[in-house]
């Protein structure tokens, strides 16, 4: 019986040699090929990867399957950031891209992200077509592939054009002239040779850590989160730098450490950059955020009197608003953002560089800037907690999400939002949102209140709701 291949929030991911096998990769690529043939010719697809184990092999096999199905593959020889591949799709006007990456997942995972001709993550209607095409292949199908005698496929270096575009969007001269010193941590991932080289080329002092290939990513997930940034903090102290910028395995997510070593959570970075971009670019179109992202963004939007769009979780929805030029910036609390005039895809590279520009331009560290923003629009304290549940407990909680709770932790529920998962808005304006992850076997609980003490109590109530305590 063949494995069921499903594309979740950000593609299909599974454990290498478990469900992520060569046979299943062939099936997935054949399904993508079937979808591509429903689109306008010429049929050309970029094929790229992050530095994970067997990435080169999967890229080569995908190219052979595409070729056998009448689609011209364009192979990206070196690991490349997801946003760089998205930019290449748009610049080369291909039918889309296949990217072998499991993003920030642990090293035993790999995955496939499929982007459509506009460089955006495939929308649900597209992934449903692909899944149906895979299912139509039947059990244990014989997938066509080009043999080893086939000549070398066309290749493409996506790096130069992408970095040139980043240099147009970020004021690198301002960073250089400020004297700001940086540490960059690519987490052994696809942004190696991107951020650091661009900064160095513009005269910005930068120290890079984890700047070599390690398919085990230091024996943990390549996720630029607080507890995994100690090596970067040590490099910051040793080099006299005052900012750490980091990216995950495929460089679509970011992590930021302030001058005193404090991790500044993505919720706050998105809100700060929204305020900064309005101030410096004069852009006055809207802002987009996922339903689980801080209401500080709502407050900044209200302060500047610009439209707010609240989307389901999944950057594809924000990508649509970028393509329609409806937003200054779009972001998710899970450390994904992009800006106006850029790719409709998460970009950890531009996120880190824009933060560096903001610190350089304003001449103040991020904590000070956040305090100033709180003084202007009010304070917000968001928290996220992940719960690893058994399959039975997960099924039970899935049913619980269909209910309409009247209260939580003694607070009255005044509004229920089902844009994605279950979001409970409470009478004091605080809120809790529950989602079952589309990429990992976890339940996420997001909480936000207006004071640190209150969010701690609310988070405890949110946890009790999940665990049935």
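The values are calculated or read from the model by the stated rules, or taken from the named source; none is laboratory data. All values derive from a computational prediction rather than experimental measurement. Note: ideal-geometry Cβ built from the backbone for every residue, glycine included; neighbour counts use all protein chains shown.
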Exactly one of 418, 367, 411 is surrounded by fewer than 19 Cβ atoms within 10 Å (Cβ to Cβ), outside the structural domain of residue 122 (by TED's automatic domain parsing) and modelled with pLDDT of 95 or more, and that residue is 367
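Yes/no per residue for (1) surrounded by 15 or more Cβ atoms within 10 Å (Cβ to Cβ); (2) within 22 Å of residue 89 (Cβ to Cβ); (3) more than 24 Å from the chain's Cα centre (by Cα):
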position: 3; (1), (2), (3): yes, no, yes
position: 7; (1), (2), (3): yes, yes, no
position: 14; (1), (2), (3): yes, no, no
position: 25; (1), (2), (3): yes, yes, no
position: 30; (1), (2), (3): yes, yes, yes
position: 41; (1), (2), (3): no, yes, yes
position: 45; (1), (2), (3): yes, yes, no
position: 51; (1), (2), (3): yes, yes, no
position: 55; (1), (2), (3): yes, yes, no
Could you please let me know if residue 335 is crowded, with 24+ Cβ neighbours inside 10 Å, at pLDDT 95 or above, in contact with a helix residue (DSSP H, G or I) (Cβ under 8 Å, 6 or more places away or on another chain) and at positive phi? yes
Practice prompt. Would you confirm whether any residue within region 394-404 is without any contact (Cβ under 8 Å) to a residue 12 or more places away in the chain, over 25 Å from residue 181 (Cα atoms) and within 22 Å of the chain's Cα centre (by Cα)?
Written response: no
Here the residues within region 353-369 that are touching a residue at least 12 places away in the same chain (Cβ under 8 Å) and over 25 Å from residue 166 (Cα atoms) are 367
Task: Test: residue 313 is buried (at least 21 other Cβ atoms within 10 Å of the Cβ) and assigned to a loop (DSSP other than H, G, I, E, B) - done: yes
On the given criteria, is residue 319 crowded, with 20+ Cβ neighbours inside 10 Å and part of a strand (DSSP E or B)? no
Out of (1) on the phi > 0 side of the Ramachandran plot; (2) free of Cβ contacts under 8 Å to residues at least 60 places away in the same chain, the one residue 304 does not meet is (1)
### Task
Please tell me if residue 282 is in contact with a helix residue (DSSP H, G or I) (Cβ under 6 Å, 6 or more places away or on another chain) and at positive phi.
no
Within region 337-349, restricting to residues that are in a strand (DSSP E or B) and farther than 18 Å from residue 295 by Cβ, the one that is nearest to the chain's Cα centre (by Cα) is 338
Apart from one, (1) in contact with a strand residue (DSSP E or B) (Cβ under 7 Å, 6 or more places away or on another chain); (2) on the phi < 0 side of the Ramachandran plot all hold for residue 210; the odd one out is (2)
Among 74, 112, 143, 134, the single one that is more than 25 Å from the chain's Cα centre (by Cα) and not in a helix (DSSP H, G or I) is 143
